[in-house]
Structures are given as structure tokens and as C-alpha cells.
1. Would you kindly identify the helices (runs of 4 or more DSSP H) lying entirely within region 384-488 that contain at least 1 residues that are without any contact (Cβ under 8 Å) to a residue 24 or more places away in the chain?
2. Where residues in region 53-81 are part of a loop (DSSP other than H, G, I, E, B) and loosely packed, with under 15 Cβ neighbours inside 10 Å, which of them is modelled with the highest pLDDT?
3. Select from region 237-262 the residues that are part of a loop (DSSP other than H, G, I, E, B) and surrounded by fewer than 19 Cβ atoms within 10 Å (Cβ to Cβ) and list them in ascending order.
4. So which residues in region 276-295 are crowded, with 19+ Cβ neighbours inside 10 Å and not in a loop (DSSP other than H, G, I, E, B), if there are any at all?
5. Looking only at region 409-453, filter to residues that are farther than 19 Å from Ile218 by Cα and small (Gly, Ala, Ser); which one of those is surrounded by the fewest Cβ atoms within 10 Å (Cβ to Cβ)?
6. May I ask you to list pairs of residues, at least six apart or on different chains, whose Cβ atoms are under 9 Å apart, with the first in region 61-81 being more than 20 Å from His456 (Cα to Cα) and without any contact (Cβ under 8 Å) to a residue 24 or more places away in the chain and the second being hydrophobic (A, V, I, L, M, F, W, C) and in a strand (DSSP E or B)?
7. Identify all residues within region 88-115 that are at positive phi and of a type outside the set (D, E, K, R); write none if there are none.
8. Check region 469-476 and report whether any residue there is at pLDDT 90 or above and within 28 Å of Asp78 (Cα to Cα).
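The values are calculated or read from the model by the stated rules, or taken from the named source; none is laboratory data. What you see is a predicted model, and the numbers here were worked out from it, not measured in a lab. No Cβ is skipped: glycine too gets one built from the backbone with ideal geometry, and neighbour counts run over all protein chains shown.
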Amino acid sequence: MHFVLFAIAGHVIVQCRFPEDESPEFDFFASVTNNSRQVSLHMAGGKKGKVSALPPKPRNTFVLDNGASTLKAGFVRDGRADEPRIIPNCMARDRTRKIYVASELERCTDFGEMQFRRPVEKGFIVNWEVQSEIWDYEFFGSRAPLQCDPSETRLVLAEPPNGLPVLQSNCDQIVFEEYGFESYYRGVGPAFNAYHDAQSLFRTPTDIATAANIPAEILLVIDSGYSHTTVTPVFRGRPLHSAVRRLDVGGKLLTNYMARQISLRHFDVRSDPHIVNEMKELACFVSLDFKRDLERCWKGTRGQTRPEYVSGAIAKDYILPDFHKKLSGSVRDYDPANHTKVQKLAAAQADEDVLTLRNERFAIPEILFNPSDIGMRQPGIADLIHQSIHDLPVGLWPGLLANIVLVGGNALFDGFVQRLQKEVVQRVPDDCVVRVARPADPVLSTWAGAANLACHADIEKLAVTKQQYEEYGQAWLARKFLTGPGTL
């Protein structure tokens, strides 16, 4: 193929001729106007050029929220979302050296001294060997619980905001080159919440017929999960990347710190992260007045016991599982009489192992608001929100502050919504209305939003086909995904 260029009256004429062994069907001329930068093509030769057939639209869309603790996965078929599955995103080995992969943990009856291996660190997939093994077992194996045929499926994948380009590139290569999905869209997880009818959380009237497809106008999404907590402003479905803020405090750090505190005060539980995590989820809450609750946990001076200390207002008993008769722990009200009786019995005579939790119940979640309590040089969630909105035009502040959505596993702590609203109100102008809401299921909220987006009639405009990936490359794909769903 060779080119001939002519310059005539402000136009550049490009003549392209193909040798007979390459493409004898046609020549074409391109006329480029210097001023308007318009291009016109003129076919010559009388024969039509070869046009590659477009691939058929995928029949199914597989929506995957690849969290650090759990996978949220499910199909969208014919515009309707199936019930999603929540799957542990890990491999584990018990004390007998038996290996469990992902959902096989549901059959485990002894979590004592369980060791976990996770493919996600600090929110990002860094171990594709483990992640691929989990995906193969759950989605692509012959006995996969959630069977998926990649060659006939579109993948919608949620990722954390401000991901590293090299990690995104690795993910794109795995999706297309190893699994061969027919098409694929990778989007920022918190931004998907804009498609989960978020306005209904604030009792804002919406059009029911279009609520699933049209994103909320403006949201401030607080995603507090296993690895970290992020603050993401979302405008018309697009994350505002420059204002995204991150706190390196998540469920994993809280569990590890709780294990450390209990090991200092009671007995060593650092080798039982699963038990401590269960304890945290059942017993912990966010205090609305940290100093007051701390005083209520004070026993008193030597030889004195304050009534509040033994009242059970804060103190709770956590009954540890024995993995014989009792496979999971439970919480009950603190009973001083029963506590005294158990103390007098020898360890072998006691029917159950009991931990009495007091300030641990609220001091652990307090780290989300005051990371400096454990020596971290990072601001808390309320300060991160303040920093985030100050990086945006003042005109966006009222909309963001009036539509704060709290998602992620840590959002299940009692009192989180009320405390966050109280903290934010203290940091913003008096004329700003602050509203904080939590979806009915904050763990599945991101997946549900992504599923609603997958139901959009024009989802093909966002997704990249395998053919396009092979033709244009990963750099083009990254630029296309950067624009976000706001292009619909």
C-alpha cells in the first residue's frame, strides 16, 4: 500500500492505493480541510470494501463485585437480574491441613486456627493465581455452582476507585486473553450505587419506570469494606476522581486490632481471625458519644464497683463456639451472678467459654472516625468528606451533602449512620442540609447498581468486545473505560 499527497486550495488530498495482492477491491481518497479538520472519503473502483461482521450481542451479562472479603456475583438475563450469590473470596486451610476454596468454607465445621489466603490486598487484586483458582471453581469449572460460558457472556466488573493502571491492565488481559469473555465493562464500584435507585433512600420522588436505568444526579458514596474506606463523589453516574479520598481502615484492620485487645485482656485469639471477625460483627457498634460510653465502662476506684459497670448497658457476654455442639458464637446480656459463678468453676467444669466485652464493643469501630487513636496519621471519615468536597466547586456541595450513601460491610454497625451525620454537620456550613442513608443491604448495593446498569439498553456503548480489544489494544480500552457510564 502506498500514499500520494496533493495540496489544493487549502485541502490536503490523500490517495491510497493497495497492491493487487493486498486488496484489489477499491482505492480511496481522503480530503482533509485544514481549517475545519473534516475528513471526507471517496470510494473508487466500483467494488464494495470488505466489512467485518459485527459479533452478536451476548445473551447474558455476568455482574461481579470482586471484593476483598467476598465476591458478589450473579447474572442479568433478558433485562432482569437473578438473585446474586455472596461467596468468600479466599482459600483456607484448617488445622488438619485440609484446603477449602471459596464457597467450600460453608461446609467447614471447625474454624479454629484457620489460615486464610486472599488474592486481594488493600482493595486491589494482586494475586491472580489465587483469584483465577477461585473464579475457576465458582464460575467456569464443570461443577461450578454459578456456571458461566465466557464466549457468550458480557462481564460487568466493579473495581475500587483510582486503581493502578498496571493492575487494571493485568485484569483486562485475564478477562479477554485467559477467559475470553465476549465483551467486558470495568467500572468504579462506588459509582454503580448511583444506579441503585439511591434517591428512594432519601424519599425523593422518582419515576419508577426509569429509576433503574437513569443514575442519581449527584451522590457522595462512602464505601467502608474489608480493606479500606473510600469517599467517592459521583455526578451523573461518573466518579469525580480528583476528589476521591481513601482511609486505610477496613474490616480487616478492625478485626486484627480487636484480636490484639482481647489477647491482652483475656486470652490469645490472634490465631483465630474468623472467630474474632464474627465477634466483631455481632457485638460491636458505633458510639454516638464516645467519652460518655467510656465513662460508663469505668469500674470505679479500688474497692468500689459503679452500678453502670455491672448494669449491662454496655457490657455483653460473647459465648465462644466449641465447634462440637456450637458451631458459631452468640451474644447475650451480661449477668453478674452468672459471671461470678463461672469464675469459681475450673476451666474443665465450665459448660461454655465466655468473653465479657465492654469498651471493646465501641472502641474498635471508633478507629473509623479517629485513626489517630491507634497511631495512624490519617484523618477520619468525617474529615475525609470535608477534604473531598473542598476539592470541588461550591455549587456541588449542597447536592453531595444532602445525598450521602453509606455502603460496605462496616455500614452494618449499629449507630454508624447517626454518628456520621452528626460528625459531618459539625464540619460544614450551617446552611447546608446533611442527609446520610444506608441501603437495606449495604453489602449488595454496589452489585445491584451494576446489575441495573447492565439492564440499560445501550450497555453496548460502554462495553468493549473481544474483537475490539484485539484490534485496538489495552491502552484504547483503558481510555474508553475512563469516561464512565455518564456517556449513556
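1. 416-425, 466-472, 474-482
2. The selected residue is Asp78.
3. Within region 237-262, Asp248 is the sole residue that qualifies.
4. Answer for region 276-295, where residues must be crowded, with 19+ Cβ neighbours inside 10 Å and not in a loop (DSSP other than H, G, I, E, B): Val276, Asn277, Glu278, Met279, Lys280, Ala283, Asp293.
5. Restricting to residues being farther than 19 Å from Ile218 by Cα and small (Gly, Ala, Ser), the top hit is Ala440.
6. Between residues of region 61-81 that are more than 20 Å from His456 (Cα to Cα) and without any contact (Cβ under 8 Å) to a residue 24 or more places away in the chain and residues that are hydrophobic (A, V, I, L, M, F, W, C) and in a strand (DSSP E or B), there is no close pair.
7. Hit for region 88-115 is Ala102, nothing else.
8. Yes, the conditions are met somewhere in region 469-476.
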